[in-house]
Amino acid sequence: MAETLSGAQTALDYITSRIERARRRFGPPPERVQLVAVSKTFGADAIGPYLEAGQRVFGENRVQEAKEKWPTLRDRYPDVQLHLIGPLQTNKAREAVALFDVIETVDRDKLAGVLAQEMARAGRQLPCFVQVNIGAEPQKAGVPVAEAVSFVQRCRAEHGLIIEGLMCIPPEGQPAGPYFALLAELGRQAGVGSLSMGMSGDFERAIAMGATHVRVGTALFGQR
Ligand SMILES: *Cc1c(COP(=O)(O)O)cnc(C)c1O
C-alpha cells in the first residue's frame, strides 16, 4: 500500500500509463478512459496521498462506509467525484444521492423510481449506469442480459434518469473478454456512451473491448 505521496504518485503513474498504452493500442477514438480508483476498505489516511497526487475519481461500494470517510476528504478536495459501485438498497437511496456523484448500480425498477424521486427532492440529477448481470450469476446484482436494453429505455422514459452507461462485473475465474464484448454490444443497442468494466486484473482487456471507465482497487492501493 502506498502510504506516502511519492508511493501514491508512482502507483497512479504506473496504472495511468498502462491505461494509456492499452487505449492507444486498441482504443478506437481519442476518448479518454476514466480511472475510477476503488478505495473501499481503505481509510482516509490511505486515500489522502492519491488525492494529493491528483486522482479525483473514486469508487466505493458501501453507502455507510462512504459516509464515514468522504465528507471530510471532500471538504479538502471539493472537486472529487465519487462513484457508487456496490448494490444499493432503496432505503439508502437518499443518503446515496447526497454522498455520491455517479450511481453505477441501477438494476431494478423500484430502485430507479426511488432514485429519481430522491434526486428530484435533492435537486441533484446524478448520471447513472445500469448494472448488467453479465454472467447470469444468481448471487450477483444486475439486470439480466435479455432485459438490459428495455430497462435502460424504461429508466430514461419512465423514471427520467440520466443513463450514461452500462456497468458489469464478469464471473470470476473465466476469461472476461467475451463478457466485456457482450456489454459493449448491449451498450450499442441501448444507445449509451459509457461502459464501466475492467478491474485490477483485466482493465487493459476491458479497454480493448471499449471500456470508458475502469474500476481499479488492488493494483493501486494494494491488497485489501
Ligand atoms: C472492489 C471492486 C472493484 C475493484 O477490484 P480490484 O480487483 O481490487 O481492482 C471494482 N469493481 C467493483 C464493483 C468492486 O466491488
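The values are calculated or read from the model by the stated rules, or taken from the named source; none is laboratory data. Not measured: the values here are computed from a predicted model. Backbone-built Cβ (ideal geometry, glycine too); neighbour counts: all protein chains shown. The accessibility values were calculated without ligands, DNA or RNA, using every heavy atom of the protein model including side chains. Shrake-Rupley method; radii C 1.70, N 1.55, O 1.52, S 1.80 Å.
Residue-wise test of (1) modelled with pLDDT of 95 or more; (2) among the β-branched types (V, I, T).
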{"residue": "G7", "(1), (2)": "no, no"}
{"residue": "I19", "(1), (2)": "no, yes"}
{"residue": "R23", "(1), (2)": "no, no"}
{"residue": "E31", "(1), (2)": "no, no"}
{"residue": "L35", "(1), (2)": "yes, no"}
{"residue": "G43", "(1), (2)": "yes, no"}
{"residue": "A46", "(1), (2)": "yes, no"}
{"residue": "Y50", "(1), (2)": "yes, no"}
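Of the strands (runs of 3 or more DSSP E) that lie entirely inside region 120-224, those containing 2 or more residues that are within 16 Å of the ligand (Cβ to nearest atom) and open to solvent by less than 10 Å² (accessible area, probe 1.4 Å) span 127-133, 162-168, 213-216.
In the set A176, A148, only one residue is modelled with pLDDT of 95 or more and more than 20 Å from S200 (Cβ to Cβ); that residue is A148.
Listed by first and then second residue, the pairs linking a residue in region 99-116 that is farther than 20 Å from H213 by Cβ to a residue that is open to solvent by 20 Å² or more (accessible area, probe 1.4 Å) and of a type in the set (G, A, S), with Cβ atoms under 7 Å apart and 6 or more places separating them unless they lie on different chains, are A116/G160. Applying the set (1) within 16 Å of the ligand (Cβ to nearest atom); (2) over 29 Å from R124 (Cα atoms); (3) open to solvent by less than 80 Å² (accessible area, probe 1.4 Å) to F58 leaves exactly one unmet item: (2). When region 96-118 is filtered for residues that are in a helix (DSSP H, G or I) and of a type in the set (V, I, T), the ones remaining, listed by number, are V97, V114. Taking first residues from region 196-207 that are more than 13 Å from Y179 (Cβ to Cβ) and partners that are among the polar types (S, T, N, Q) and surrounded by fewer than 18 Cβ atoms within 10 Å (Cβ to Cβ), the Cβ contacts under 6 Å between residues at least 6 apart in sequence or on separate chains come to S200/T218. Residue-level analysis places R21 among those that are over 13 Å from F100 (Cβ atoms) and more than 16 Å from the ligand (Cβ to nearest atom).
Inclusion of K40 among residues that are surrounded by 13 or more Cβ atoms within 10 Å (Cβ to Cβ), charged (D, E, K, R) and part of a helix (DSSP H, G or I) is not warranted.
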